[in-house]
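Down below is the structure, laid out as structure tokens.
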Amino acid sequence: MRPEAMRAFFGFIDEPDFPPRYNIAPSQPVPIVVREQGRRRFLLVRWGLVPSWAKELPQSLLINARAETIAEKPSFRGAFRHHRALMPADGFYEWQAGGPKNTKMGPKQPFYIRRRDRKPFAMAAVWDTWMPSGGSELDSCAIVTAEANETLKPVHHRMPVILDEKDWDLWLDPAATERELLALLRPAPEDLMEAIPVSTRINSAANDGPALQEPALVEAEPEKPARPKKPADTRQMGLF
């Protein structure tokens, strides 16, 4: 999404110079929309949450926060209570194990998942600011996920929480109760999204551009020819 379109759609007051991205990987900068003094603001943060209380960078990237445990899990509890955000997007990627036929072996088929009407949307996110000793502040975030709906379940068992536009203000409201917030964390309606198979070029973070979203199927790996059996050795002591 272009910066001017993102600003108009999400209504934040900043004018960021953030070029459209088509392949954002964990640990890279991502845009989020937060609420400050009653107004929506744009932030560019690291995808991979570092809680404010952390003594060092987590060994594994905290890119997703499960809706079922976000209110209790220490890594996300503080951010859920005090630092909620919208993550603007035109789509996201997910990988189906086993290739097009969903077999146990073979390459993973990537899918580009977007709204059927092609409109942008907001994923629920949480963010925090970490201050390392002797270093500069690091703003980071995680996407909130829920169980996949029936439309996306054939691709993956989880999906980002996609907030209805009428719920954006409530998600950002610092006075919202835990009960109100948890009620928003549900799978998207069945008819909202569609999954488009795309090329495995998306697997490399070095690749970017709109061509990554064009339909493409992963070719199944060819079966290896069976090795011919050796004729039985009938000589005496042949096994030795």
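Key figures for this structure:
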{"quantity": "Qualifying positions in the stretch 104-132 - of a type in the set (K, R) and either part of a loop (DSSP other than H, G, I, E, B) or modelled with pLDDT under 95 (or both)", "calculated": "K104, K108, R116, R118, K119"}
{"quantity": "Restricting the stretch 145-172 to residues that are in a strand (DSSP E or B) and touching a residue at least 60 places away in the same chain (Cβ under 8 Å), the residue that is farthest from Y93 (Cα to Cα)", "calculated": "L163"}
{"quantity": "The stretch 186-213, subset part of a loop (DSSP other than H, G, I, E, B) and of a type in the set (S, T, N, Q), residue surrounded by the fewest Cβ atoms within 10 Å (Cβ to Cβ)", "calculated": "S204"}
{"quantity": "Residue among A89, A65, A85 that alone is touching a residue at least 40 places away in the same chain (Cβ under 8 Å), of a type outside the set (K, R), more than 18 Å from D208 (Cβ to Cβ) and out of contact with any helix residue (DSSP H, G or I) (no Cβ under 6 Å at 6 or more places or on another chain)", "calculated": "A85"}
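The values are calculated or read from the model by the stated rules, or taken from the named source; none is laboratory data. Since we're looking at a predicted model, the values are computed, not measured. Every residue, glycine among them, receives a Cβ derived from its backbone with ideal geometry; neighbour counts consider all protein chains shown.
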